[in-house]
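To keep things clear, I will list the structure first and then write my remarks on it.
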Amino acid sequence: MNRVKSLRMITGIFSYTFFLPIIGLSNQTYWIPRNPPKAQYEISAKIDTLEKKISGRETITLKNTSTNDITVLAINWSLDSKSDIFIFLDGEILPVSDMNKNGVLAFPLIYPLPSPLKPGEKVRLVVEFSSAGQIRNTREIALTGWHPRLWWDGIDTYDSYKVKLDYPQNYALAVSGRLNKKTGFYEHDGIRNCGIYLRLDLLVKQKMIEDVLVTAYFTQEGSDCAKLCLKTAVDVIRFYKQWLGFFPFKFLNIIPGADRPMGGFPFAPGIVVIHGQEKFDEMPFFHWQWITAHEIGHQYWGEYVFDDENSWLWIGLGVYADREYSLYREIGTEKHSNMMKRYLWGVENQYDTFSDLTAFQIREISFDYNNVIKHGKGFSIISALECVLGKHIFFHIYRRCLDEYAGKYLNYRDFWRICEQESGQDLTWFFEQWVRSNDFLSYGIVSQKSIQEGKRYISHVKIKRFGSLKMPVPVKATFKDGTSEIKYTDRLFDVNFLVFESSAELKEAVIDPENKLAMIRDTLFVSSGELKEKISRLPWSNAGGKAVELFNQAQEIKLKDFRSWYKLGLALFNSGNDEKVLYSMQQAYESDPNDFGTIVWLGHMHDLKGEREKAIEYYKLALQKDTGETLRHDQW
C-alpha cells in the first residue's frame with residue numbers, strides 16, 4: 001500500500017471524529033456540546049439603504065440541553081469600525097472577554113457568563129447590534145449572516161426565528177419565514193439560518209400548494225420563465241409531499257440570479273435562486289422544470305438535513321430527488337446523464353476521483369471538483385447504490401435519513417451505516433470502491449446468441465468486466481416478440497454468462513437499460529492507475545505482444561509516469577520494436593530528465609539507428625547525471 005493511500009485511510013478514519021476546540025479564559029473555558037443546543041431568535045431590524053446599514057434588537061433564548069455546565073458563550077460577530085454590539089443579561093451589560101478587548105481574538109466574540117448555565121436551565125440575552133459592512137449594492141441586497149448568532153465553531157443548529165423588518169417599501173422582500181399578518185413577524189420553527197433578499201423593480205406572484213406558500217420574484221423580462229418556474233414549483237412540492245410525506249417549510253421563495261441560464265443554488269432555507277430567467281428562450285423547456293425541481297430537492301438535503309459544504313452526499317441525494325420528479329413527469333433524464341458524464345470525463349482525463357477528502361485536500365485540487373466530484377460522482381454513487389439495493393430498500397434508507405437527521409449533520413459514514421442496517425448487507429465493497437478509490441465502472445457485452453430448443457429459445461449473453469470497479473450490473477434481454485427480461489451479473493466474476501429463456505428469438509441485449517450507471521462504454525478505455533499496474537506486472541524480457549498492447553494504450557491515454565515508460569522500453573527491447581523503445585525512453589526522460597539509466601538508453605537507441613553523434617550527446621549528458629550507483633540488466 002502506498003503512502004498516499006495509507007494517509008487517506010487514516011484521514012478517512014478520523015475525519016468524522018468530533019473534536020472540541022478549547023479556548024482558555026481564566027477559570028472558564030469555551031467548549032462545544034456534541035449536539036449544540038437550539039436557540040430562539042426574536043429580531044426587530046431596520047435596513048437603511050441610504051447609509052447601507054443594518055441595525056436591530058434581538059432576544060436570544062437558549063436552553064442548555066447538554067449534560068455539562070455552559071460557562072462561556074460565543075457570538076458570530078466582530079468588534080471593528082463597521083460593527084457594534086451590546087449584550088444584556090438580566091438588564092446588565094454582559095462584558096466581552098479580555099481576549100477580544102486586547103485584540104488576541106478578533107472573531108468570534110467570547111462572553112463569560114456571570115454564573116454557569118446548568119443542564120436544563122435557560123438564559124435570555126437581549127442584543128443590540130448594527131453593521132455597516134454587509135450592504136454593498138443597494139439595488140439588490142442578499143443577506144444570510146446579517147445578525148448576531150450563537151457560534152458553535154461553524155456547526156449549524158436548527159433554530160426558531162421571528163423576524164420583523166423595517167425596510168424601504170419600494171423593495172420586494174423575501175425572508176426565510178412565513179409572514180404572520182397579526183404580529184408582522186416572519187416566523188418559522190426550525191431553520192439553520194434566516195436569509196433576507198431585497199431588490200428593486202421586481203414583480204411578485206404567489207400560489208398555494210396545500211399548506212405551502214410559493215412566491216416567485218422576477219423582472220418584467222423574466223416573467224415568462226418565472227411563471228413556468230412557479231407552476232413547476234407547485235407541481236414539484238406536490239410530488240415531493242406525496243412521495244416523501246412532507247415538505248420541510250411552509251414557504252418557498254424563488255428569486256432571480258445571474259443574467260445567464262447556468263443553473264441555480266439554495267440561497268437560504270426556503271429561498272432558491274434560478275439563474276438567467278430573462279433568457280428563457282436560450283434553454284429548452286425541460287431545463288427550467290429540472291432546475292426548479294433540483295433546487296427544491298436541496299431544501300431537503302442541505303437546508304433540512306445538513307451536510308458539509310464540500311460533501312458529495314447532499315448533492316447526490318438532492319439530485320436523486322429531482323431525477324425521481326423527472327421520471328414522474330417524463331421530462332427526460334438528460335441532465336442526470338450529463339452529470340455522470342462530467343465524472344466520467346474526469347476519469348478519462350486521469351483525475352484523482354477519490355471522494356473521501358478533507359477540506360484541506362479539496363482546496364489543493366486543481367480541476368473542477370464541484371462538477372466532476374460533488375455533482376458528477378456524487379450523483380453517480382447514489383444512483384449506483386439504488387441500482388444495487390433496489391428502489392424499495394433505497395426509499396426506506398432515503399426516508400429514514402430525512403427522519404433521523406432533520407436539523408443535524410449527515411456524513412457518508414452514517415449514511416453507509418443506515419444503508420447496511422436497512423439492507424441487511426455488508427456494503428464495504430461498495431463504498432470502498434465508489435468513495436475511497438479511483439476505481440471506475442466498465443462492463444461490456446462480448447457475445448450474444450439465441451438457440452431454439454423445441455418451441456423455446458435459449459439465449460446466452462456473455463458480459464466482461466473492463467473497468468477496475470466490480471459490482472452487479474443489470475442486463476436487459478429484449479426478444480423479437482416485444483417481451484423482455486432483466487438479470488444481474490455477479491460482481492465476483494470478471495466474466496458472466498447470463499442465460500435467458502423465451503418464446504421468441506433474442507433481438508438484443510443491453511447493459512444498464514435505464515442509464516442509471518456512470519459507466520465507461522468504450523471497452524478499450526483503461527485508467528492510468530490500472531494501466532500502470534498492468535505495466536508493472538510485465539516480465540522484464542519476452543513480454544511479446546502484451547508489451548505492445550500496453551504501449552499502445554499508454555500512448556492513447558498520454559500516460560505520464562516515468563517508471564511505466566521505462567519498464568515498457570525495457571520490456572519491448574528484445575522484441576525488435578526499436579522505435580517503440582526509443583519513444584518509451586523519450587517519455588520516461590520527459591517525466592524525469594535526471595535519470596541516468598534513461599539517458600544512457602536514449603544513447604543506445606540512437607546508436608542502433610546509426611545516429612552516433614546524437615548518441616554521444618546523450619552519453620555525455622548521462623555522465624553529468626551519474627550518481628555512482630550500479631545499473632544492471634541481468635535479463636540480458
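The values are calculated or read from the model by the stated rules, or taken from the named source; none is laboratory data. In this text the structure is predicted, and so the values were computed from the model without any measurement. Glycine also receives a Cβ, built like all others from the backbone with ideal geometry; neighbour counts cover every protein chain displayed. Keep in mind that these areas ignore ligands, DNA and RNA; they rest on the heavy atoms of the full protein, side chains included. Shrake-Rupley method; radii C 1.70, N 1.55, O 1.52, S 1.80 Å.
The table below lists the values:
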quantity: Single match in Lys377, Lys279 (criterion: out of contact with any strand residue (DSSP E or B) (no Cβ under 9 Å at 6 or more places or on another chain), modelled with pLDDT of 95 or more and surrounded by fewer than 21 Cβ atoms within 10 Å (Cβ to Cβ)); calculated: Lys279
quantity: Test: residue in segment 349-369 that is over 25 Å from Pro472 (Cα atoms), among the hydroxyl-bearing types (Ser, Thr, Tyr) and surrounded by fewer than 16 Cβ atoms within 10 Å (Cβ to Cβ); calculated: yes
quantity: Residue within segment 528-537 that is open to solvent by less than 30 Å² (accessible area, probe 1.4 Å), within 30 Å of Gly316 (Cα to Cα), at pLDDT below 90 and not acidic (Asp, Glu) present; calculated: yes
quantity: Where Pro168 falls short, out of the listed (1) touching a Phe, Trp or Tyr at 6+ places or on another chain (Cβ under 8 Å); (2) over 17 Å from Thr59 (Cα atoms); calculated: (1)
quantity: Cross-chain or 6+ apart pairs with Cβ under 6 Å, segment 46-59 first and in contact (Cβ under 8 Å) with a residue 12 or more places away in the chain and over 15 Å from Cys194 (Cβ atoms), then open to solvent by less than 40 Å² (accessible area, probe 1.4 Å) and assigned to a loop (DSSP other than H, G, I, E, B); calculated: Thr49/Pro168; Lys52/Ile135
quantity: Sole exception among (1) open to solvent by 10 Å² or more (accessible area, probe 1.4 Å); (2) in contact with an Asp or Glu (Cβ under 9 Å, 6 or more places away or on another chain) for Gly184, by number; calculated: (2)
quantity: Filtered residues of segment 57-76 (kept if open to solvent by less than 30 Å² (accessible area, probe 1.4 Å) and in contact with a Phe, Trp or Tyr (Cβ under 7 Å, 6 or more places away or on another chain)); calculated: Glu58, Ile60, Val72, Leu73, Ala74, Ile75
quantity: Positions within segment 201-218 being open to solvent by less than 10 Å² (accessible area, probe 1.4 Å) and not β-branched (Val, Ile, Thr), in sequence order; calculated: Ala216
quantity: All positions within segment 450-498 that are open to solvent by 40 Å² or more (accessible area, probe 1.4 Å), out of contact with any Phe, Trp or Tyr (no Cβ under 8 Å at 6 or more places or on another chain) and not charged (D, E, K, R); calculated: Gln452, Gly454, Gly482, Thr483, Ser484, Ile486, Tyr488, Leu492, Phe493, Val495, Phe497
quantity: Pairs, first assigned to a strand (DSSP E or B) and of a type in the set (A, V, I, L, M, F, W, C) in segment 134-159, second at pLDDT below 95 and buried (at least 17 other Cβ atoms within 10 Å of the Cβ), C-beta under 7 Å, six or more apart; calculated: Ile141/Ile135; Leu143/Gln134
quantity: Failed item, numbered, when Phe249 is tested on (1) farther than 30 Å from His396 by Cβ; (2) buried (at least 21 other Cβ atoms within 10 Å of the Cβ); calculated: (1)
quantity: Ile54 vs. criteria open to solvent by less than 40 Å² (accessible area, probe 1.4 Å), over 35 Å from the mean Cα position of the chain (by Cα), of a type in the set (Val, Ile, Thr) and at pLDDT 95 or above; calculated: no
quantity: Qualifying position, being free of Cβ contacts under 8 Å to residues at least 60 places away in the same chain, within 36 Å of the chain's Cα centre (by Cα) and either open to solvent by less than 30 Å² (accessible area, probe 1.4 Å) or more than 18 Å from Lys567 (Cα to Cα) (or both), among Glu514, Glu501; calculated: Glu514
quantity: Residues of segment 533-545 classified as free of Cβ contacts under 8 Å to residues at least 24 places away in the same chain and under 19 Å from Phe562 (Cα atoms), total; calculated: 3
quantity: Subset of segment 90-109 (residues that are touching a residue at least 60 places away in the same chain (Cβ under 8 Å) and in contact with a helix residue (DSSP H, G or I) (Cβ under 6 Å, 6 or more places away or on another chain)); calculated: Leu105
quantity: Selection from segment 396-445 of residues that are assigned to a helix (DSSP H, G or I), among the small types (Gly, Ala, Ser) and crowded, with 21+ Cβ neighbours inside 10 Å; calculated: none
quantity: Output for segment 86-111, where each listed residue is within 14 Å of Asn76 (Cα to Cα), part of a strand (DSSP E or B) and of a type outside the set (Val, Ile, Thr); calculated: Phe86, Leu109, Tyr111
quantity: Per-region count, segment 100-123, residues polar (S, T, N, Q) and open to solvent by 80 Å² or more (accessible area, probe 1.4 Å); calculated: 1
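Results for (1) under 33 Å from the mean Cα position of the chain (by Cα); (2) of a type in the set (Gly, Ala, Ser); (3) assigned to a strand (DSSP E or B), shown as yes or no for each residue.
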residue: Lys164; (1), (2), (3): no, no, yes
residue: Pro168; (1), (2), (3): no, no, no
residue: Leu173; (1), (2), (3): yes, no, yes
residue: Glu187; (1), (2), (3): yes, no, yes
residue: Asn193; (1), (2), (3): yes, no, no
residue: Leu198; (1), (2), (3): yes, no, yes
residue: Met208; (1), (2), (3): yes, no, yes
residue: Tyr217; (1), (2), (3): yes, no, yes
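Residues are listed down the side, and each one gets a yes or a no for (1) open to solvent by less than 60 Å² (accessible area, probe 1.4 Å); (2) within 21 Å of Lys567 (Cβ to Cβ); (3) acidic (Asp, Glu):
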{"position": "Thr598", "(1), (2), (3)": "yes, yes, no"}
{"position": "Gly603", "(1), (2), (3)": "yes, yes, no"}
{"position": "Lys614", "(1), (2), (3)": "no, no, no"}
{"position": "Leu621", "(1), (2), (3)": "yes, no, no"}
{"position": "Thr627", "(1), (2), (3)": "no, yes, no"}
{"position": "Asp634", "(1), (2), (3)": "no, yes, yes"}
